[in-house]
Amino acid sequence: MGNNNKSYKDKIEVYIKQKRSDKVITKVLEGAIITEQELTYLSGLLFEDSNIGDKVSFEQEYGFITLDQFIRWVFSISKDKLQVSQLFNEFISNHDLNDSQVDFINKITDYFNERGYIESSMLFDPPFTDTHSKGLLGVFDFTLAREINEMVEGLSVVG
C-alpha cells in the first residue's frame, strides 16, 4: 500500500464520488437492490477501471464491507452518523455505566462512523474484545447486552 500523495482510502473515495452520476451508483444510493450483474459491474469499476487498487487493498482498508455498503458510506449521510452518536449517547445517559462500558459504547459509535456499518456479531471480535475477551457479554450484563444488540441490529437498517 504505497502512499503516493494520497492514501488508497482518499483516492478510492474521491474516485467513487466522481462517479456519482453512474446509473448503478445512483441505484445503490436510492436504496434499490442491485443485481449480481450490477455488483460485478461495481467491482470492475472500483478494482479495475479506477487503477487505484485491487480487492485486497480494499479489504485491507475497509474490511469485508459490501460494495453497496461502501458506496452508501462514501456518500454518507452525516445525519446517520449524528443519529448513531445521539442513540448511543442517550444510552450512556440513561444507564449508570462504568468507564469500560462507556469505552465499549464509544468503540461501537467510532466503528460505525469510520466504516458506515456494524453488525451485532462483530461485538465479539476485535476491536470489541480489547476491553474484555468475551466482547459485549464480558462488559455488560445480559439485559444491557441485549439492549445494545438490538440497537446495533437497528443500525443495519439506517441509511
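Key figures for this structure:
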read-out	value
Yes/no for Leu137 being in a loop (DSSP other than H, G, I, E, B) and either under 30 Å from Glu30 (Cα atoms) or more than 21 Å from the chain's Cα centre (by Cα) (or both)	no
Number of the condition not met by Thr35 [criteria: (1) over 24 Å from Met122 (Cβ atoms); (2) in contact with an Asp or Glu (Cβ under 7 Å, 6 or more places away or on another chain)]	(2)
Count - residues of the stretch 114-143 that are within 13 Å of Phe104 (Cβ to Cβ) and surrounded by 17 or more Cβ atoms within 10 Å (Cβ to Cβ)	9
Which listed residue, of Ile71, Ile105, is surrounded by 12 or more Cβ atoms within 10 Å (Cβ to Cβ), closer than 25 Å to Leu39 by Cα and in contact (Cβ under 8 Å) with a residue 40 or more places away in the chain	Ile71
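A short reminder: the numbers here are calculations on the coordinates, not readings from a lab. None of these values were measured; they are calculated from a predicted model. With ideal geometry, Cβ positions are generated from the backbone for all residues, glycine too; neighbour counts draw on all protein chains shown.
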